[in-house]
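For reference, the structure discussed in these notes is given below.
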Amino acid sequence: MINKIFESLQAAVADVHDGATVMIGGFGTAGMPSELIDALIEQGARELTIVNNNAATATSASPRC
């Protein structure tokens, strides 16, 4: 089995390239992966397609995506 645990957020997103499709989960703000989203932004890949099942509530969303 492949080990899918990374030592840092930076390592987890290091291979995300421009134009990649990234699937993220979440359930309102309780499960929204804010730190992952921030790491993707800091990593610098552009033109990403984000597939998301629910990262928003009436007052909070993933505006940085």
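The values are calculated or read from the model by the stated rules, or taken from the named source; none is laboratory data. What you see is a predicted model, and the numbers here were worked out from it, not measured in a lab. No Cβ is skipped: glycine too gets one built from the backbone with ideal geometry, and neighbour counts run over all protein chains shown.
Name the single residue, out of those in segment 1-36 being assigned to a loop (DSSP other than H, G, I, E, B) and within 15 Å of Asn52 (Cα to Cα), that is modelled with the highest pLDDT.
Ala20
Take segment 9-33 and flag every residue that is under 13 Å from Arg46 (Cα atoms) and surrounded by 15 or more Cβ atoms within 10 Å (Cβ to Cβ).
Of everything in segment 9-33, those that are under 13 Å from Arg46 (Cα atoms) and surrounded by 15 or more Cβ atoms within 10 Å (Cβ to Cβ) turn out to be Val13, Val16, Ala20, Val22.
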